[in-house]
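The values are calculated or read from the model by the stated rules, or taken from the named source; none is laboratory data. Note that the coordinates shown come from a computational prediction; the quantities given were computed from them, not determined experimentally. Here Cβ is always computed from backbone atoms with ideal geometry, including for glycine, and neighbour counts include all displayed protein chains.
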């Protein structure tokens, strides 16, 4: 039972934006558009999504569970048009700071589901391998726009499944290249900054996006080793090839650090004392992806940042965070970098909200294409809730504290979204009355579905003689 603490806000501009978004999303639905759009409204309503059929129990649901399963199985969504629609409704007041991260749709016991991979993920049916939980499922890469203010709001712009023949880095590069032409970049705004966690290859991201007007920020492990540029020879050089590496720079050994090129110290009300140190023109000790014409590994340079804070919102004592920055040298801003990386954790809150509230990764779908459609519907639902934020009243539970319009969380907006549906029109058509079909013909039998083994996504080991600089 819910209690209403206020009435809905009469904001004509915000309501017009929501109406326009709903009509543009409907145009992106090619097959079974009405049933797919009804699933979006049901997913945005306050209903427990324990499965796909539970969405048809939402208040105002007009179609049964048969239409829901048929829409997910046989429906079609124009991915390119949907990407343009989500990018067009990105908040204009937010900075172009984006996060790319992957999360797993676990399907460990689905032997009839193809294209599953083995990933590190905590699951009840995970197998412990080398002390790590390994689960079979589909990995999805989400690209979201981060908010400039503390909170749990993000703007999903793209969601793509990571194929077993690709890495998360290759999928992220494809998402970034498809998004860049859709971004309106005023001269007053900084370059788009894409933040990734430690699971991404910083060298590959920097090289593949070197000719693009973007910045990348990737976290590195604390045991990495870098090298500086070699010092120019002071006298006549002896025989042999010139040195390619200078001084050894070990993250875990402060005595090996050279004098920094940039330092930033400030006090933040959330993180306490913040200290950022940056070094330019450092390159990794080994990299095996790119080579010079003579066959030797290429020297890939970047800016390395060391971030330390006194505390986190959970009052822990965090260790230093090492970051890899790539981008034009004149656009480097250490203050923006440390804030952007700490804002990256908002995508973790979005994953939790999508799983627990929107029911993402809950339906037991057989084919990965069906999971792709439901993931795209989840991105549409999250955007619709964000656009409905100033229009929804605070329909809170009796034990919840009242919130203002600026404090509304995605979960609180979802609790009152059903009351908003009565005031906005829907582009979906009403269902036509029909009768149940004849069913399976008599005498026809079904063969057992084919079984698929999950594909290993681990990297192939390369001999040491091939990676030695």
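Identification of strands (runs of 3 or more DSSP E) wholly contained in the range 41-157 with 1 or more residues that are at pLDDT below 90 and surrounded by fewer than 18 Cβ atoms within 10 Å (Cβ to Cβ) yields 117-120, 127-129, 132-146. Restricted to the range 439-469, and to residues there that are within 22 Å of residue 171 (Cα to Cα) and touching a strand residue (DSSP E or B) at 6+ places or on another chain (Cβ under 6 Å), the residue that is modelled with the highest pLDDT is 454.
The test for being surrounded by fewer than 22 Cβ atoms within 10 Å (Cβ to Cβ) and part of a loop (DSSP other than H, G, I, E, B) does not hold for residue 19. Considering only residues in the range 266-280 that are outside any strand (DSSP E or B) and touching a residue at least 12 places away in the same chain (Cβ under 8 Å), the one that is farthest from residue 307 (Cα to Cα) turns out to be 270. Across the range 158-188, the number of residues qualifying as assigned to a loop (DSSP other than H, G, I, E, B) and without any contact (Cβ under 8 Å) to a residue 12 or more places away in the chain comes to 6. Scanning the range 361-375 for residues that are crowded, with 20+ Cβ neighbours inside 10 Å and closer than 15 Å to residue 68 by Cβ gives 363, 365, 371, 373, 374.
Among the conditions (1) in a loop (DSSP other than H, G, I, E, B); (2) farther than 30 Å from residue 243 by Cβ; (3) at pLDDT 85 or above, the only one that residue 313 does not satisfy is (3).
Output the number of residues of the range 356-380 satisfying the condition of being in a helix (DSSP H, G or I) and at pLDDT below 95.
Residues that pass the stated criteria total 1.
Are any residues in the range 181-210 crowded, with 17+ Cβ neighbours inside 10 Å and out of contact with any strand residue (DSSP E or B) (no Cβ under 7 Å at 6 or more places or on another chain), and if so, which ones? Within the range 181-210, 201, 204, 207, 208 meet the criteria.
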